[in-house]
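Asker: Pasting a structure here, questions to come.
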Amino acid sequence: GIFINATLYFQQGAGLPAWQAGLAQVPFAVFSAVSAARSGNWVNKVGRRVVILGLSTMLVAILALVVVASLFADRHWTVWVVSALLGLAGAGSGLVISPNQALSLADVPGHVAGTASGLLQTLQRLGATVGLALMTAVFFMVVGTAPNGDLPSHAHALVASMGVTVALLGIALAIGVVDSRRRLAPKR
């Protein structure tokens with residue numbers, strides 16, 4: 001959901017051509033790829049804490065994006081700060097996705113590994129679909145009620161839709177912390 005709303009913000013709000021809107025989102029992809037490549041080694045050393053670090057990084061980046069877009073909604077340079085913050089969020093994302101899959105399937109018995117993997121992929125797609133629907137609904141609700149389609153109204157829509165992301169990241173982080181502590185607790 002982050003990408004469609006950022007694209008709408010960059011193109012409709014800031015008036016960037018499609019190629020610049022795409023370029024503004026490249027930092028997310030680059031930093032996500034780099035951290036994902038490194039996360040394989042880290043997950044073997046520190047386990048679930050990699051996912052917690054990734055979720056925390058994403059949460060801080062998106063919260064910073066919300067603050068910047070809120071305070072400087074009418075400034076055109078804000079789009080490039082948003083782009084940089086998306087890069088930081090991408091670094092966090094790379095620490096979440098691959099390790100989370102490995103950790104989620106680590107304890108699955110071999111005879112049901114295919115089913116578990118398919119179920120995990122299905123639930124990830126379902127979660128992405130619901131998140132996208134929520135975020136775009138919020139985005140268009142805010143833009144639709146704004147008196148004009150200028151940069152500040154799109155920045156406020158981006159802020160509102162990223163609020164959904166912040167809430168979902170907060171829930172995922174809380175679950176990750178509880179799960180990590182549960183696994184560290186002594187067995188009775």
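The values are calculated or read from the model by the stated rules, or taken from the named source; none is laboratory data. Small disclaimer: the values here were computed from a predicted structure and weren't measured. No Cβ is skipped: glycine too gets one built from the backbone with ideal geometry, and neighbour counts run over all protein chains shown. Note: accessible area is taken over every heavy atom of the protein model, side chains too, but ligands, DNA and RNA are not part of it. Shrake-Rupley method; radii C 1.70, N 1.55, O 1.52, S 1.80 Å.
Asker: Within the range 65-82, can you find the residues that are farther than 19 Å from residue 164 by Cα, open to solvent by 10 Å² or more (accessible area, probe 1.4 Å) and touching a helix residue (DSSP H, G or I) at 6+ places or on another chain (Cβ under 9 Å)? Even if it seems obvious, please write down each step before you answer.
Answerer: Here is the first cut: in the range 65-82, the residues farther than 19 Å from residue 164 by Cα are 72, 74-81.
Checking the rest, the ones that are also open to solvent by 10 Å² or more (accessible area, probe 1.4 Å) come to 72, 74-77, 80-81.
Listed by number, the residues that qualify are 72, 74, 75, 76, 81.
Asker: How about the range 1-45: which of its residues are among the small types (Gly, Ala, Ser), closer than 28 Å to residue 137 by Cβ and exposed (fewer than 14 other Cβ atoms within 10 Å of the Cβ)?
Answerer: Filtering the range 1-45 down to residues among the small types (Gly, Ala, Ser) leaves 1, 6, 13-15, 18, 21-22, 24, 29, 32-33, 35-37, 39-40.
In the following step, the residues that additionally are closer than 28 Å to residue 137 by Cβ were identified as 1, 6, 13-15, 18, 21-22, 24, 29, 32.
Within the range 1-45, just 18 meets the criteria.
Asker: Counting only residues that are hydrophobic (A, V, I, L, M, F, W, C), without any contact (Cβ under 8 Å) to a residue 24 or more places away in the chain and under 23 Å from residue 146 (Cβ atoms), how many does the range 4-48 have?
Answerer: Residues flagged as hydrophobic (A, V, I, L, M, F, W, C), without any contact (Cβ under 8 Å) to a residue 24 or more places away in the chain and under 23 Å from residue 146 (Cβ atoms) within the range 4-48 amount to 2.
Asker: From 56, 93, which residue is modelled with pLDDT of 85 or more, open to solvent by 30 Å² or more (accessible area, probe 1.4 Å) and in contact with a helix residue (DSSP H, G or I) (Cβ under 9 Å, 6 or more places away or on another chain)?
Answerer: 56
Asker: Confirm whether residue 157 is surrounded by 14 or more Cβ atoms within 10 Å (Cβ to Cβ) and closer than 16 Å to residue 3 by Cα. Before you say what the answer is, go through the steps one by one.
Answerer: Numbers: surrounded by 14 or more Cβ atoms within 10 Å (Cβ to Cβ): yes; closer than 16 Å to residue 3 by Cα: yes.
Yes, satisfied.
Asker: Ok, one more. When you scan the range 92-100, do you find a residue that is touching a Phe, Trp or Tyr at 6+ places or on another chain (Cβ under 9 Å), over 15 Å from residue 40 (Cβ atoms) and without any contact (Cβ under 8 Å) to a residue 60 or more places away in the chain, even just one?
Answerer: Yes.
Asker: Pick from 144, 163, 127: which is within 14 Å of the chain's Cα centre (by Cα), open to solvent by 30 Å² or more (accessible area, probe 1.4 Å), on the phi < 0 side of the Ramachandran plot and without any contact (Cβ under 8 Å) to a residue 40 or more places away in the chain? Full working, then the answer.
Answerer: On the way: 144 fails: within 14 Å of the chain's Cα centre (by Cα); 163 fails: without any contact (Cβ under 8 Å) to a residue 40 or more places away in the chain.
After ruling out the rest, the residue left standing is 127.
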